[in-house]
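Novice: A single structure is presented below for examination.
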Amino acid sequence: MKVIKKVLIPVSASALLLGACGHDATDSKENTLITSKAGDVKVSDVMNKIGDEQIANSSFQVLLNKLLNKKYKDKVDTKDIDKEVEQEQKQYGGKDQFESMLKQQHMSLDDYKEEKKLQAYQKQLLEDKVKISDKDIKDNTKKASHILIKTKENKKDKQGLSDKEAKKKAEDILKEVKKDPDKFSAIAKKESKDSQSSKKGGSLGYVIKGQMEDKFEKALFKLKEGQVSDIVKTDYGYHIIKADKENDFDKEKNKLKSKLIQQKVQKNPKLLTDAYKDLLKEYDVDYKDRDIKKAIDDSILDPEKIKQQQQQQQQQQAMQGGQGASLGG
């Protein structure tokens, strides 16, 4: 079952704290949130309970949403977002089922659309700050198809063949492809064991450098349009790779640009933190609580901390088998 991933951190007590902290930098923690005959609840009490870093994360998210909305609300076409959401509703079985799924994540349809807007704003922020030329896109992407003859992962694997059998079958298929390259798509549909791409005649769409296994990628990027590779061995089995014609490059290049920016930011989080810092400076952001400022500087605006978080996430995914049986690296 598909799960809608929440990107934004939900606003809770931190929003109240941010408001309370905005009055005076010297005594913000002594501000009172609740009074009673049994005693008062001060900002400091709640901050100690929740923790500075969690408060900082939520507070910064509230702030970032305001800044991005202010800067980009006139640059993002909300009609496109509505169309995307309508398409997602169809994929999830209709509006009612989609809204039910959102409800389980404590979201309304309007909340979800708002998050989609904010994602679009953040994407625009990165596109303003990270420059990618058409040549960069051409040099780092290639449209491809492949045929996979799968080797056994283990004794219980019924789809895979022994290494010897898989290699022999790949050699036979390669001979067939070379006799008539125009039949590549039909052969892929019939023979490839990559269940996702085989339905599309082996098409992988545009492959971005760093996305695939090294051996696969090296073979692909040596090919000219229309060329077919020799047999390539990876951990998944034996591949026959074809470089497809990029006649839809102009249509796809904006999507490819976004993916390349994401890849660059993942490799170098300083690009993201610098973009945030520029945004904060542009709108004269002034922290009224020293501890929250320090927590934001030490976590959200620290590229090394972001790298550590990425590594932890990757380790968790690996432990959970999150990589699955895909070619992506």
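Novice: State all residues of the range 272-299 that are in contact with a Lys or Arg (Cβ under 6 Å, 6 or more places away or on another chain) and either assigned to a helix (DSSP H, G or I) or not assigned by TED's automatic domain parsing to the domain that holds Gln311 (or both); if no residue qualifies, say none.
Specialist: Ala275, the sole residue that qualifies.
Novice: Now for a separate question. Which condition breaks for Ala186 when tested against (1) at pLDDT below 95; (2) of a type in the set (A, V, I, L, M); (3) surrounded by fewer than 16 Cβ atoms within 10 Å (Cβ to Cβ)?
Specialist: Result: Ala186 passes all but (1).
Novice: With Leu161, Leu204 as the choices, which residue is of a type outside the set (Asp, Glu), under 12 Å from Gly237 (Cβ atoms) and touching a helix residue (DSSP H, G or I) at 6+ places or on another chain (Cβ under 8 Å)?
Specialist: It is Leu161.
Novice: Look through Glu165, Glu171 and report the one residue that is over 27 Å from Tyr72 (Cβ atoms), touching a strand residue (DSSP E or B) at 6+ places or on another chain (Cβ under 9 Å) and without any contact (Cβ under 8 Å) to a residue 12 or more places away in the chain.
Specialist: Exactly one residue qualifies, and that residue is Glu165.
Novice: If the Cβ limit is 9 Å and pairs must be 6+ apart or interchain, which residue in the range 66-79 that is outside the structural domain of Tyr112 (by TED's automatic domain parsing) pairs with which residue that is at pLDDT 90 or above and surrounded by 11 or more Cβ atoms within 10 Å (Cβ to Cβ)?
Specialist: Nothing qualifies.
Novice: Would you check if Gly226 is under 30 Å from Lys179 (Cα atoms), touching a residue at least 40 places away in the same chain (Cβ under 8 Å), among the small types (Gly, Ala, Ser) and surrounded by 17 or more Cβ atoms within 10 Å (Cβ to Cβ)?
Specialist: In short, no.
Novice: Which of the following residues is among the basic types (Lys, Arg), in contact (Cβ under 8 Å) with a residue 40 or more places away in the chain and within 26 Å of Gln159 (Cα to Cα): Lys242, Lys215?
Specialist: The unique qualifying residue is Lys242.
Novice: Residue by residue through the range 239-259, note down the ones that are of a type outside the set (Lys, Arg), surrounded by 14 or more Cβ atoms within 10 Å (Cβ to Cβ) and more than 23 Å from the chain's Cα centre (by Cα).
Specialist: His239, Ile240, Ile241, Ala243, Asp244, Glu246
Novice: Of everything in the range 227-262, what is closer than 30 Å to Gln310 by Cα and part of a helix (DSSP H, G or I)? Give them in sequence order.
Specialist: Scanning the range 227-262 gives Glu252, Lys253, Asn254, Lys255, Leu256, Lys257, Ser258, Lys259, Leu260, Ile261, Gln262.
Novice: Based on this model, can you work out whether Leu125 counts as more than 30 Å from Lys224 (Cα to Cα), assigned to a helix (DSSP H, G or I) and modelled with pLDDT of 95 or more?
Specialist: It is true that Leu125 is more than 30 Å from Lys224 (Cα to Cα), assigned to a helix (DSSP H, G or I) and modelled with pLDDT of 95 or more.
Novice: Just checking: which of the helices (runs of 4 or more DSSP H) contained wholly in the range 1-113 hold 2 or more residues that are modelled with pLDDT of 90 or more and within 22 Å of the chain's Cα centre (by Cα)?
Specialist: Here the list reads 52-72, 78-91, 95-104.
Novice: What are the residues in the range 115-146 that are surrounded by fewer than 16 Cβ atoms within 10 Å (Cβ to Cβ) and over 16 Å from the mean Cα position of the chain (by Cα), if any?
Specialist: Within the range 115-146, Asp128, Lys131, Ser133, Asp134, Lys135, Asp136, Lys138, Asp139 qualify.
Novice: Cβ-Cβ below 9 Å, separation at least six or inter-chain, first residue in the range 114-140 and under 20 Å from Leu220 (Cβ atoms), second among the aliphatic types (A, V, I, L, M) and in a helix (DSSP H, G or I): which pairs?
Specialist: Between residues of the range 114-140 that are under 20 Å from Leu220 (Cβ atoms) and residues that are among the aliphatic types (A, V, I, L, M) and in a helix (DSSP H, G or I), the close pairs are Asp136/Leu260; Ile137/Leu256; Ile137/Leu260; Asn140/Leu256; Asn140/Leu260.
The values are calculated or read from the model by the stated rules, or taken from the named source; none is laboratory data. Being a predicted model, the structure only gives us computed values, none of them experimental. Glycine also receives a Cβ, built like all others from the backbone with ideal geometry; neighbour counts cover every protein chain displayed.
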